[in-house]
Amino acid sequence: MSRFFSEKYKSLVPYVPGEQPKTQKYIKLNTNESPFPPSEKACEYAKREAEKLELYSDPECSDLVKAAAEHFGISENEIIFTNGSDEILNFAFMAFCDEAHPAVFPDITYGFYPVFSALNNVPFEEIPLNDDFTVNVDAFCGVRKTVFIANPNAPTGIALSLSDIEKIVKSNSRNVVVIDEAYVDFGAESAVKLVHKYDNLLVTQTFSKSRSMAGARLGFGIANENIIRDLNTVKYSTNPYNVNRMTMAAGVGAILDNEYFENNCKKIAKVRDYTSEKLKQLGFTVTESKANFLFAKSGDIDGGTLYLKLREKGFLVRHFDKERLRDYNRITVGTKEQMDALLNAVKEIKEELR
Ligand SMILES: *Cc1c(COP(=O)(O)O)cnc(C)c1O
């Protein structure tokens, strides 16, 4: 720390992203990226746009907004695009949380929520997940705080039903409820269809996982037009050109190539359920994931050891050294071939440790 660092950030503990190895020597199952390339149309559009990089990008993201509004059946003033969905989550903390409106989220969820709280000087409450790792829905009803729920949740992969989400949104009509749907395309029900019914609901999604565009950084929020206006006030006060030209064009291509996207989601869901079954046969406890990752605990190897042993064999998975999570590993769902290789490695490790 330099002697110049502002007092307000001195105790800030930043988010720790999953490792991005510089070499190809690992099968990378640690940051929930897609094993499939982006849509060809997305790449083609991005390449064309690269020739216009001398010009600023469109701050209104007009083409993208138009395509997305049509795709989701909403109006163009009910959506905002951001630099990854991490950015819109930060905007939501900036816009809708303060001393009088603390944040509330589950104790086990996306690790960025407490970081955004700290960054923006927002007090927060963590509501413990139930023993089976499900979200305690009743505890989130009428909390009078700004609610953040990832659905499906991370790193458990467990999804809430749309009726449970609606219950939470309805009972918190005086506060904004943010539903982070980073993984919704892999099998959960989206709350987008509730935005015309509730003016306090903000749904966020990302192109990082289901649309194979983690490196492009594209996320968005869908909500009532007044919420979107507030988020735009924050956006235009930080960086009006938050989505770059190539990413914007790629986003349009990806939305137009809907079949490719849907097929990939289906493939991943199928491989996920297959891998889950196989892990259970090897004695693992696996949560019921509706996301593109599995959260699994071996009956006999602790999570930290399995993480290291898999690493030695060339597989990167995620281990969280945190109470209640320590026994588990979060494994991104890759291709069937990658999962079979992983299952073999797990078998070998089990034998080696016997
Ligand atoms: C990956 C992820 C995000 C954000 O991803 P971006 O790449 O910034 O769009 C948001 N929420 C959860 C729960 C995630 O896992």
Using a basic spin-label model with each label point 7 Å from the Cα along Cα→Cβ, how many nm lie between LEU162 and HIS101? 2.6
Given H placed on each backbone N at 1.01 Å, which residues far from PHE315 in sequence or on other chains put an amide H within less than 5 Å of it? ILE27
Using a cut-off of 15 Å between beta-carbons, work out the net charge of the residues near VAL169 (Lys and Arg +1, Asp and Glu -1, VAL169 not included). 0
Quick note, segment 239-354: a/c under 1.5 would make it rounded; otherwise a/b > b/c is prolate and the rest oblate (a ≥ b ≥ c, C-alpha gyration tensor); here it is prolate
Under a point spin-label approximation (7 Å from Cα along Cα-to-Cβ), what is the LYS313-LYS336 distance to one decimal in nm? 2.1
I'd like the FRET efficiency for TYR241 and LYS10, computed as 1/(1 + (r/R0)^6) with the beta carbon distance as r and R0 of 35 Å, rounded to 0.05. 0.70
For the pair THR233 and ASP273, how long in nm is the line joining their label points, each one 7 Å along Cα→Cβ? 4.6
Extension length gain for LYS197 and GLU262 (0.36 nm per residue less Cα distance), in nm, is 20.7 nm
Find how much the distance from GLU225 to LEU282 grows on full extension, using 0.36 nm per residue of separation minus their present alpha carbon separation; answer in nm with one decimal. 15.5 nm
Charge dipole magnitude, Cβ of K and R +1, D and E -1 - the chain, Cα centre, debye nearest 20: 780
How far is the Cα center of segment 292-351 from the Cα center of segment 155-179, in Å? 30
In whole Hz, what ³J(HN,Hα) sequence does segment 342-354 give by Karplus (6.51, -1.76, 1.60; θ = phi - 60°), x for Gly and Pro? 5, 4, 4, 4, 4, 4, 4, 4, 4, 5, 4, 8, 6
Work out how much length ARG48 to LYS25 would gain on full extension: take 0.36 nm times their residue separation and subtract the Cα-Cα distance, in nm to one decimal. 5.1 nm
Using a/c under 1.5 as the rounded threshold, could you call segment 80-188 rounded, prolate or oblate? The axes a ≥ b ≥ c are square roots of the C-alpha gyration tensor eigenvalues, and prolate needs a/b larger than b/c, oblate otherwise. rounded
Around ASN224: net Lys/Arg minus Asp/Glu count, Cβ-Cβ under 12 Å: -2
Across ASP63, ASP131, ASP107, the residue with the highest GNM fluctuation in the chain (Cα network, 10 Å cutoff) is ASP131
If one computes the Cα centroid of segment 255-283 and of segment 61-98, what distance in Å separates the two points? 27
Charge dipole of the chain built from unit charges on the beta carbon (Lys, Arg +1; Asp, Glu -1), centred at mean Cα; most positive-end Cα among PRO128, LEU194, PRO59 is PRO128
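Bear in mind that the values in this text are calculations on the coordinates, not laboratory data. The structure displayed is predicted, hence computed values, not measured ones. Positions of Cβ are backbone-derived with ideal geometry, glycine not excepted, and every protein chain shown enters the neighbour counts.
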